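The values are calculated or read from the model by the stated rules, or taken from the named source; none is laboratory data. Since the model is a prediction, treat every value here as computed from it, not as a measurement. We place every Cβ from the backbone using ideal geometry, glycine too, and count neighbours over all the protein chains shown.
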Amino acid sequence: MGNALDVGDLAPDFTLPTQDGSEVSLASLVARGPLVLFFYPKDETAGCTAEVCSFRDAHETFVEAGAVVVGISSDDVDSHQRFASRHRLPYTLLADRGGKVRAAFGVKKTLGLLPGRVTYVIDRDRRVRHVHDAQILATSHVGEALAVVQRLREERGA
């Protein structure tokens with residue numbers, strides 16, 4: 001596993017399947033605007049459900065700020081499809097089977113067991129602008145990411 005990415009680092013490109021089975025790359029995501037990429041441990045667990053629903057509830061505000069929201073875990077496409085449908089998620093979930101992208105971003109396991117919960121805000125130039133790492137405080141990721149995205153919009157003068 002690589003070192004954890006930090007603010008100012010260049011995010012590694014990747015291509016992964018979405019919950020509908022199509023492929024998407026980091027480059028294509030950041031081309032649409034700042035990217036809020038959140039790694040979460042597992043579909044349908046209590047903390048992860050709270051986190052994805054918090055991002056869902058704030059999704060319109062992220063979109064208004066010009067951002068793209070994407071969740072990523074090691075669950076498969078079918079699991080993501082059920083999870084997204086059940087909770088009416090308006091954003092993309094990516095299936096990182098085997099955890100290669102998680103490793104490339106340096107997202108560490110918690111207590112050596114649970115996949116980590118880390119949110120990155122990545123600008124159009126693939127630079128990491130914010131990192132929020134908190135396994136327990138699942139919903140804290142949303143407010144921090146939104147504040148960064150709104151600051152980026154102000155910097156662009158939009």
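So here's what we get for this one:
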item	result
Every residue from segment 9-27 that is within 18 Å of S74 (Cα to Cα) and either in a loop (DSSP other than H, G, I, E, B) or among the charged types (D, E, K, R) (or both)	P12, D13, F14, Q19, D20, G21, S22, E23
Every pair of residues 6+ apart whose Cβ atoms lie under 6 Å, when the first sits in segment 116-143 and is in a helix (DSSP H, G or I) and buried (at least 16 other Cβ atoms within 10 Å of the Cβ) while the second is among the small types (G, A, S) and modelled with pLDDT of 85 or more	V142/S54; V142/A58
Cross-chain or 6+ apart pairs with Cβ under 7 Å, segment 31-54 first and without any contact (Cβ under 8 Å) to a residue 12 or more places away in the chain, then part of a loop (DSSP other than H, G, I, E, B)	none
Filter result for the condition that a residue is among the aliphatic types (A, V, I, L, M), farther than 16 Å from A11 by Cβ and modelled with pLDDT of 75 or more, over A84, A104, A138	A84
Residues satisfying the stated conditions in segment 41-75, i.e. out of contact with any Leu (no Cβ under 9 Å at 6 or more places or on another chain) and at pLDDT 85 or above	S54, D57, E60, V63, E64, S74
Single condition A65 does not satisfy, out of (1) among the aliphatic types (A, V, I, L, M); (2) in contact (Cβ under 8 Å) with a residue 40 or more places away in the chain; (3) under 19 Å from T18 (Cα atoms)	(3)
Among residues of segment 107-135, those that are on the phi < 0 side of the Ramachandran plot and modelled with pLDDT of 80 or more, counted	15
Selection count, segment 1-53, where residues are in contact with a helix residue (DSSP H, G or I) (Cβ under 9 Å, 6 or more places away or on another chain), surrounded by fewer than 15 Cβ atoms within 10 Å (Cβ to Cβ) and among the polar types (S, T, N, Q)	1
Selection count where residues are closer than 14 Å to L37 by Cβ and either among the β-branched types (V, I, T) or surrounded by 21 or more Cβ atoms within 10 Å (Cβ to Cβ) (or both), scope segment 65-94	10
Matching residues in segment 28-49 - criterion: being more than 24 Å from S79 (Cβ to Cβ), in a loop (DSSP other than H, G, I, E, B) and not small (G, A, S)	R32, P34
Test: residue in segment 70-84 that is in contact with a His (Cβ under 9 Å, 6 or more places away or on another chain) and either touching a residue at least 60 places away in the same chain (Cβ under 8 Å) or aromatic (F, W, Y) (or both)	no
Leading residue by the ranking (modelled with the highest pLDDT) among those in segment 141-155 that are over 15 Å from F39 (Cβ atoms) and within 16 Å of the chain's Cα centre (by Cα)	V149
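Each row is one residue, and each column tells you yes or no for (1) more than 22 Å from A134 (Cβ to Cβ); (2) part of a loop (DSSP other than H, G, I, E, B); (3) among the basic types (K, R).
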{"residue": "V7", "(1), (2), (3)": "no, yes, no"}
{"residue": "E51", "(1), (2), (3)": "no, no, no"}
{"residue": "S54", "(1), (2), (3)": "no, no, no"}
{"residue": "H59", "(1), (2), (3)": "no, no, no"}
{"residue": "G66", "(1), (2), (3)": "yes, yes, no"}
{"residue": "D75", "(1), (2), (3)": "no, yes, no"}
{"residue": "S79", "(1), (2), (3)": "yes, no, no"}
